[in-house]
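Following: one structure in structure tokens, then a few remarks.
Just so you know, all these numbers are worked out from the coordinates, no wet-lab data involved. What you see is a predicted model, and the numbers here were worked out from it, not measured in a lab.
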């Protein structure tokens, strides 16, 4: 497993996938902050005063975190944020399931959907968390500049 997460091509591909997932997840939320605020409120976790600011802030945090992972800038910090957000998302989803809340998770869309997808989202988030954690665990100190140079080389080879 360690060799896989030390392979530069796998690491770049994994970062791109992780980043793309967060960026994709942010688009509909950014376009519809009012609907996203209602979804957040349906979890019954936060005081009402925090729901609207979170509905505006969270999609931008997802977008920027995803973009930084894809570009190779501040990778360790981005992975830390990614891991923290995924843990929060997993906790929120699981508590909603345990409490029997009939909710749309709001993960990729603010459109209402069935609760049957919530367990699927928990499993997907755990898989993303595993990959993100392993990338963070096996990243070497001081390699971010090298990663950025490697990203440019790979991109230039395909052009």
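Counting only alpha carbon atoms, the long axis of helix 8-31 and the longest principal axis of the chain meet at about 30°. Largest GNM mean-square fluctuation among 88, 64, 103, using the chain with Cα springs under 10 Å: 88.
Between region 11-75 and region 84-137, the alpha-carbon centres lie 13 Å apart. Relative to the longest principal Cα axis of the chain, at what angle does helix 116-138 sit, 0 to 90 degrees, rounded to 10? The answer is roughly 30 degrees.
The C-alpha atoms of the chain define a longest principal axis, and helix 75-98 lies at about 30 degrees to it. Summed over qualifying helices (DSSP H, 4 residues or more, each -39500 (n - 2.57)) and divided by its residue number, the chain shows a 222 nm mean residue ellipticity of -26500 deg cm²/dmol.
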